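Step one of this worksheet: look at the structure below.
The values are calculated or read from the model by the stated rules, or taken from the named source; none is laboratory data. On a predicted model such as this, the values are computed, not experimentally measured, just so you know. FYI the Cβ positions are ideal-geometry reconstructions off the backbone, even for glycines, and counts take in every protein chain you see. Calculation scope for accessible area: heavy atoms of the full protein, side chains included, ligands and nucleic acids excluded. Shrake-Rupley method; radii C 1.70, N 1.55, O 1.52, S 1.80 Å.
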Amino acid sequence: MKKKLQEIFEWFHRNPELSYEEYRTTQQIRRILEEAGVEILPLSLETGLVAVIRGKKEGPVQALRCDIDALPILEESGLSYASETPGRMHACGHDFHITAGIGAALRLQERREELAGTVKILFQPGEESSLGALKLLETDVCDDVERFWGLHADPTNEAGVIGLRPGYVSAAVDRFLITIKGIGCHGAHPDDGADPIPAACAVVQALQTIVTRNVNAFHPALISVTRIEAGNTWNVIPETAELEGTVRTMDRADRKLFEEKLSLIAERTAQAYGAQAQVQWIPGPPAVVNDEKMAEYAADVARRLGFVVVPEEQSLGGDDFSFYEEKAPGCYIKIGTGKGQLIHQPGFAVDESVLEPTAVYLTEVLMGD
């Protein structure tokens, strides 16, 4: 199994595909699983698939989410099996997730006589879009699932270390787009118009007060303006300016507060500068929250298998795994993949020694009832 998983992992790492373009990835997953006799559910998905292992004993229906897409990053890892597609790289460990999921599926298939209940392995497309989980949830494949499990590569911990904690582990992810409309005019005569640029700068500063003056200081939250654009030449005051950014929250009430305050601040601040603001709020996935009993159980299994268990780091990053948790309890597990460059960086790499132990660990988690 160790050699087989190594070969599987290297193939996926060499052949990364972006969100919703994971055609070869899907075909390869299907080929490996069908050769092993694993059942693939007939779903109308363009990319991604769901495998199912039906145990011979009564038990719950569980699901393991394994995301499959890569990132638009030029790889600089120096690996002998580096990406063969320039500008595309598995820089978030999804090739590791695929391999671990396949390994668990193969082991569960061999142990069907012992397996209590049913396990569905969700090879999900488009996680990097933050909405790929909805592709599966639009089908009925998750309707009977009672527990959802997720995993993620963790380059902040050594191989053999597993991060787990009950409660919040990652944030709700929302996006906003603010268009500030003024009155364009000559750069030498600003009094003839309404300049949207100082209005935009004032909005950027004012938005930070949502965190500093409206949110409980003990609640993790942030707002980041990540893009500001206005004008196209040096001597013309433009008519519009655009701001774009993201809001990250853990608490549901804080999430709602941000949406309301952001619109109010942008609109009123723009008005003070003689301009108008139009605000678009684009909601993303909610916060990931680990079920307490599932987290405790997963930690117990990890210790029994000889892993070191540490508190899972909380992050204001997000994951669309949270959409599954709106249907049933879930647990998101961080697997130490060797300390090195962080995810979404060109030198990110997974310590291959974690492949088989992770597959064994996931199998044992899913075997329990």
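Quick look at the values:
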| read-out | value |
| --- | --- |
| Matching entry among Lys256, Lys334, Lys293 (being surrounded by 15 or more Cβ atoms within 10 Å (Cβ to Cβ) and either at pLDDT 95 or above or touching a helix residue (DSSP H, G or I) at 6+ places or on another chain (Cβ under 7 Å) (or both)) | Lys334 |
| Residue within region 94-111 that is touching a Gly at 6+ places or on another chain (Cβ under 8 Å), open to solvent by 10 Å² or more (accessible area, probe 1.4 Å) and not in a helix (DSSP H, G or I) present | no |
| Among (1) under 30 Å from Asp192 (Cα atoms); (2) open to solvent by 40 Å² or more (accessible area, probe 1.4 Å) - the single one Pro311 does not satisfy | (1) |
| Filter result for Val211 (closer than 23 Å to Tyr332 by Cβ and either in contact (Cβ under 8 Å) with a residue 60 or more places away in the chain or in a helix (DSSP H, G or I) (or both)) | no |
| Filtered residues of region 173-215 (kept if within 30 Å of Glu127 (Cβ to Cβ) and open to solvent by 50 Å² or more (accessible area, probe 1.4 Å)) | Arg175, Gln208 |
| Hits in region 220-252 - residues which are open to solvent by 70 Å² or more (accessible area, probe 1.4 Å) and not polar (S, T, N, Q) | Ile228, Glu229, Trp234, Val236, Glu239, Arg252 |
| Subset of region 261-280 [more than 11 Å from Val203 (Cα to Cα) and surrounded by 13 or more Cβ atoms within 10 Å (Cβ to Cβ)] | Lys261, Gly274, Ala275, Gln276, Gln278, Val279 |
| Scope region 325-369; condition among the aromatic types (Phe, Trp, Tyr), in a loop (DSSP other than H, G, I, E, B) and within 21 Å of Leu305 (Cα to Cα); matching residues | none |
| Answer from Ser77, Ser83 - the residue that is of a type in the set (Ser, Thr, Tyr), in a loop (DSSP other than H, G, I, E, B), out of contact with any Gly (no Cβ under 8 Å at 6 or more places or on another chain) and more than 25 Å from Glu325 (Cβ to Cβ) | Ser83 |
| Residues of region 40-56 satisfying the condition of being more than 25 Å from the chain's Cα centre (by Cα) and either under 19 Å from Phe12 (Cα atoms) or surrounded by fewer than 15 Cβ atoms within 10 Å (Cβ to Cβ) (or both) | Pro42, Arg54, Lys56 |
| Residues within region 1-42 that are modelled with pLDDT under 95 and either aromatic (Phe, Trp, Tyr) or outside any helix (DSSP H, G or I) (or both), tallied | 1 |
| Contacts under 6 angstrom Cβ, first residue in region 99-119 being in contact (Cβ under 8 Å) with a residue 12 or more places away in the chain, partner among the charged types (D, E, K, R), 6 or more apart | Arg112/Lys56; Glu113/Lys56; Ala116/Lys57; Ala116/Asp369; Thr118/Arg54 |
| Test: Asp69 is part of a loop (DSSP other than H, G, I, E, B), open to solvent by less than 10 Å² (accessible area, probe 1.4 Å) and in contact with a strand residue (DSSP E or B) (Cβ under 9 Å, 6 or more places away or on another chain) | yes |
